[in-house]
Amino acid sequence: MQWDNEIVGLWPTPVLANQLADESLLNRLAEIGAVESSSEKDLFAIDDAAIQRLREEIERGVNAYFERLEVDQVPAWKLRGRLERLPYGSSQGLKNAPGAFLRGVFYIKTPKDTEDLQLRGDTRPGHLTLFDPRPGINMLSIKGDPYRDQAVTVEPQPGLLMLWPASVNDFRHPNLSRTTQLSVAFEVVPDDD
């Protein structure tokens, strides 16, 4: 599936995807990723122009998302994010973000030089899979139903920004490249302040 600056209805859950073609942003975030050692630190607390630019892009996406949902009053929200590294052989298990409105990822480095391990053809190294939040609903689908698939897998590209409801489970497939995949994972959470 090709994603390019759009909100796509899946199951019919809206998922935002936007491809940012800004090499200077990607390079600066990669530099920060090389220096920043803690993945627990809130990335958006760092005072840096590239992080501020990414924050603005995410805010634009969140506003478009809420507009698509035709929400009468957009709830007060704040952004919480961190750098995530996916080294060789690592994956991130099935998860969602209880208590958040939305969850998302921005890919910085997405290595394609995977090792030839004689694996099955459907391993999808480093990919992101989103799972239908309605368990079992696809059991009732018929041929040609656009909501037939229980999962959608996305091949990450540098600069790809994605947003989806926090209740949707996602899984990051194992990285089979000796180069570490680098991304920013974030949640849009209620702002109780």
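The values are calculated or read from the model by the stated rules, or taken from the named source; none is laboratory data. Note that the coordinates shown come from a computational prediction; the quantities given were computed from them, not determined experimentally. Positions of Cβ are backbone-derived with ideal geometry, glycine not excepted, and every protein chain shown enters the neighbour counts. Surface accessibility is based on the protein's heavy atoms, side chains included, excluding ligands, DNA and RNA. Shrake-Rupley method; radii C 1.70, N 1.55, O 1.52, S 1.80 Å.
Listing for the model above:
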quantity	calculated
Principal axis box of the stretch 20-67, alpha-carbon based, largest edge first, Å	36, 25, 15
Sites Glu40 and Arg134 - FRET efficiency at Förster radius 45 Å, r taken between beta-carbons, to 0.05	0.90
Sequence-distant residues sharing a close amide H with Ser90 (under 5 Å, placed H)	Asn175
Lys41 - accessible surface, heavy atoms, 1.4 Å probe, Å² rounded to 10	100 Å²
Ranked order, Glu155, Glu70, Glu187 - accessible area, probe 1.4 Å, largest first	Glu70, Glu155, Glu187
Solvent-accessible area of Arg124 with every protein chain in place, 1.4 Å probe, in Å² to the nearest 10	100 Å²
Estimated vicinal HN-Hα couplings, Hz - the stretch 154-166 in sequence order (Karplus 6.51, -1.76, 1.60; Gly, Pro = x)	10, 7, x, 10, x, x, 7, 10, 10, 9, 8, x, 5
Residues whose placed amide H lies under 5 Å from that of Ala100, excluding near-sequence neighbours	none
